[in-house]
1. Just order B:66-74, A:342-350 by mean Cβ neighbour count inside 10 Å, highest at the front, would you?
2. Between B:Tyr110 and A:Asp201, how many nm apart are label points set 7 Å from Cα along the C-beta direction?
3. With θ set to phi - 60°, apply the Karplus curve 6.51 cos²θ - 1.76 cosθ + 1.60 along the range B:61-68 and write out the HN-Hα couplings as whole Hz, x wherever there is a Gly or Pro.
4. Counting other C-beta atoms within 10 Å, which of A:Val270, A:Val308 has the fewest, and how do the rest follow?
5. Set the Förster radius R0 to 22 Å, insert the Cβ-Cβ distance between B:Thr126 and A:Ser64 as r into 1/(1 + (r/R0)^6), and round the FRET efficiency to 0.05.
6. Using a cut-off of 13 Å between beta-carbons, work out the net charge of the residues near A:Pro119 (Lys and Arg +1, Asp and Glu -1, A:Pro119 not included).
7. For peptide A:50-61, how many partner chain Cβ atoms fall within 10 Å of a residue's Cβ, on average?
8. Within a Cβ distance under 14 Å of B:Ala219, other residues only, what is the Lys/Arg minus Asp/Glu net charge?
Amino acid sequence: MKFRHRTAAPEPDPDPEPAESSQEQPNRPERSRRPRQRSAERRGTKGVERPWIDPRDLWAEALSGVLARPVRSALTTLGTVLGIGTLVITIGVASTAANQIVGRFDALTATSVTVVVPPPPPSSDTAPLVDWPGVDAVDRLAGVETSAALAESDDTSALQVRANDVITPGVLSSQTLAVVAASPSLPAAVRGDILVGRFYDTGDIARHDRVAVLGDQAARLLGIKEVDDAPAVFFNGHSFTVIGILGGFKREQRLSTSVILPPTTAKDRVGLDEVSRVLVNTSLGAAQQVARQAPVALAPNSAGALTVLSPPDLSKARKGVQGDVNGLFLVLGLVSLIVGAIGIANVTLVTVMERVGEIGLRRALGASRRQVAGQFLTESTTIGLLGGVIGAALGMVVVVSVSAIRDWTPVLDARLALGAPVAGAVVGLLAGVYPALRASRLEPVEALRAPS
Amino acid sequence: MSEPLAHSDTPDDDVIRLTGVNRTFDSDPPVHALRDVDLAVRRGEHLSIVGPSGSGKSTLLNTLGLLDRPSSGAYWLDGVETATLTDRQRTSLRGSRIGFVFQAFHLLPYRTVEENVMLAEIYRKTRPGRDRRSRAKRARAALDRVGLSQRHGFRPDRLSGGERQRVAIARALMSDPALLLCDEPTGNLDSENTFSVLELFDELCAQGMTLVVITHDEAVSRRANRRVRISDGQLSQEIV
Ligand SMILES: Nc1ncnc2c1ncn2[C@@H]1O[C@H](COP(=O)(O)OP(=O)(O)O)[C@@H](O)[C@H]1O
Ligand SMILES: [Mg+2]
């Protein structure tokens, strides 16, 4: 009965590791364990080191453990690849799309304000709501970069226009085109380019010159390519010298098929006098404010009669897009990640059970419970990291491809690119906790019975 | 049988000293696997422990190897009283003082012979003259000692049983242990391979290694300079 009253019982040590063969330990007296423990440690630790492993060795062991079963490890990463990939695609496509929508607004709509002037009631002699010099008032508003007034009417929207030099005899080069009048600032206001010649200036307007600028489509229809030889166009019985061709319209594209006249000339020759539209380009973010102020600036007494076309509020649009795209797919990605984590946990557990003999051997070679747990944690973390890297890479390829197809600029956040693999590693780490604990709890004696 | 199993005259020279060690398993019914065992093994000694199956040989070896704790009694390993050590201390003492050779070899099948041997050193702090970079060289030297230096790049499954056991012995030698504990080292080997392993034991013994070989094979135990017999958990001296 000697074993029932041991004298120098080892204590449940301060060390967190459970005592080996703890289930087989006889009951020990509870008294005075602390002093005895301390003195025992002082004696016992003489010449006894602490278990220690070089991080490089831990990494090498874990890596060779992962690579020992390459197909299994590759398949185990799949869940994480899917999860991380979905998240990267979701976030990447969402921010790319949001950027795209915002970008489009920025370039065109976001800074475009149009004021529509209603036609005056017929047979009334009241002064027009907006007159040509009055348009200058808009330019003085804060945030306005360019503006131009435009006069169109139903009477001039479809005139028979003919070029003077008939290139092919017998072919009538008469075309149905719109004739409009516009301020000299029109090229800037429509963000167009003078392709040939020049636009009319204030001098032309003041002199009531019979000059015209053609929209690029109108010029093509009329067969006019050059203005050096002063080609002319005829309509309403008048001839006008073509001094330039305007193209590259970013707004009011319909003007590309029109003949553009100086306001004075238009009033004289075709009776086109009333301003029907004012085009305003604002600086970024000023559109809303300009839209509110422009009618008052144009027609101080009857601002309410004017209609303003302004872009929607941007910040709302951006949030809306991101919110819509993200919600569902984020959930999908997170679910895939959880499935991936369960997969890693499962396979790591199987691996632990298959390697019981190896664990016993490592314990016999001096590996502590923590080192055994550390190895399996490192292995599962490596698998998670691998899944994260592959998932992030695939996700980015998809984001870039989608962007290329849609002709978008891909937006890939550096935080996303670096965070995704880290997220994969964290998934692997968490998934490895339970298998690692199981591995570390194995008793060396029991473990060594299993074949290695 | 009258000679005491423990030498008490020069305790510092004892690599192993067990006094009054008991080990009982709380199974149903309880098994008293070791009964009042006293044993001392001197440095450089080649001791064999023989006994029939189920007599407690493995339990004794697990106790000696710090893989298991005795239920009572004292065990000094290389001058350190082990009963009061914490689990971690026992683990590192095991890693630094004891080399194991198992019947089942316990080589990792997915690592080369050399990597298997190097495994013995990774769980310890590097000591002077034993840094990581020269580890492969030391593994080759250990393989050289067991006559397998030309096999260092092989995987264990390409080796014969005797070669595998010699790799396991090289791994045990790698950590420069005070004691080599062998549990039925030839249990899985044919007579030819058994012979090569036993020859190796003789060489190691001649080089001063302390060997404790557990076996149920009389032919194996005859090689030792001292034999003890275990039956039903009790040790008895045998005069060679
Ligand atoms: N964990 C255990 N629980 C209960 N009984 C055990 C345990 N381990 C060994 N035994 C018993 O202890 C005795 C000695 O076992 P062992 O030391 O393995 O014998 P040997 O190695 O000599 O064949 C046997 O009767 C065995 O059944
Ligand atoms: Mg046995």
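1. Working: B:66-74: 23.2, A:342-350: 19.8.
My ranking of the peptides, most packed first, is B:66-74, A:342-350.
2. Spacing of the two 7 Å Cα→Cβ label points: 8.1 nm.
3. So the J values, rounded to whole Hz, are 5, 5, 5, 4, x, 6, 7, 9.
4. Working: A:Val270 21, A:Val308 18.
If I rank by nearby Cβ atoms, fewest first, I get A:Val308, A:Val270.
5. Details: r = 20 Å, r/R0 = 0.91.
The value I calculate is 0.65.
6. Working: positive: A:Arg277; negative: A:Glu152, A:Asp154, A:Asp155, A:Asp273, A:Glu274.
Taking every Cβ under 13 Å from that of A:Pro119, the sum is -4.
7. Values: counts 7, 12, 7, 4, 8, 0, 2, 7, 2, 0, 4, 6.
Counting Cβ atoms of other protein chains within 10 Å of each residue's Cβ and averaging gives 5.
8. Numbers: positive: B:Arg222, B:Arg223, B:Arg227; negative: B:Glu184, B:Asp190, B:Glu192, B:Glu199, B:Asp202, B:Asp217, B:Glu218.
Within the 14 Å Cβ shell, the charges total -4.
Readers should treat all values here as calculations from the given coordinates under stated rules, not as data from a laboratory. In this text, all values refer to a predicted model and were calculated from it rather than measured experimentally. Virtual Cβ from ideal backbone geometry, glycine too; neighbours counted across all protein chains shown.
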